Amino acid sequence: MQEQEGQDLQPESHEPMLESEPALESTPLEQAPEEAPVPGRRLRRALIWAVSLVIILAAGVILTWTLRVQPQAEQIATMKTDLTTIQEQLDVQGKELEELRPLLARNQVLEEQLSLANAHLDLLNVLVDVTTAQLALTQEDEIAARAALTGTGDRLSTLESTLEGANASAVAEMNDRLQLVLEEVETDSFAARRDLEILANNLLSLERVIFGE
């Protein structure tokens, strides 16, 4: 019975060995799928490209801001500051102008009065020249008469430029008569004295009209 039991146990001991051989043969078949492409590698590559593209775009934006947008923004800010400063200066000048308006008006009045006084002085000087020439012709001194009228033409021209309208035209006619007197002094003293008298009367009349004398 022991032998029979030993025989019965012996086949049972060989069965596990037969079953273990297929297990060893199946191991290489299970490792074969590891050689196939891994999907995660493509995802990593796509992610790297996306990050690189974002970095490039961000660098472009920063470069554009640094080289163009920021300088223009600073320039606009400077222009706004300058404009504000100019506006403040204009406001100050406007206030000063309002304060100066009465003075400007007064200054204009004074300038007109000064111009009128100068015109009156020119007229009186011309009248002195004419009177001196009359006196010289009375003494039959033609040379002194001509000398007295040397600068009279220039004074009449200055007086004409100062006056306006009919008064200026009247002075222009006086200048024409003066030129006639200068021609008559050495050739016809009587005609020269007559024209000098007319010239003196015209000067006195113009003085009364303009200056109320």
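A few remarks follow.
- Share of Cα-Cα pairs in region 98-213 lying beyond 25 Å, as whole percent: 30 percent
- Per residue solvent-accessible surface (Å²) - region 47-134, probe of 1.4 Å: 81 Å²
- Size of region 165-213 as Cα extents on the principal axes (Å, biggest first): 36, 19, 8
- Charged-residue dipole, Cβ positions (Lys, Arg, Asp, Glu), region 40-124 about Cα centre, Debye nearest 20: 1780 debye
- In this structure, Gln108 and Leu83 have a Cβ-Cβ separation that, at R0 = 45 Å, corresponds to a calculated FRET efficiency of about 0.85.
- Distance in nm between pseudo-label sites at Ile62 and Thr187 (7 Å out along the Cβ direction from Cα): 10.2 nm
The values are calculated or read from the model by the stated rules, or taken from the named source; none is laboratory data. The model shown is predicted, which means the values in this text are computed figures rather than measured ones. Note that each Cβ is placed from the backbone with ideal geometry, even for glycine, and that neighbours are counted across all protein chains shown. Just so you know, the surface numbers come from the protein's heavy atoms only, side chains and all, with ligands and any DNA or RNA stripped out. Shrake-Rupley method; radii C 1.70, N 1.55, O 1.52, S 1.80 Å.
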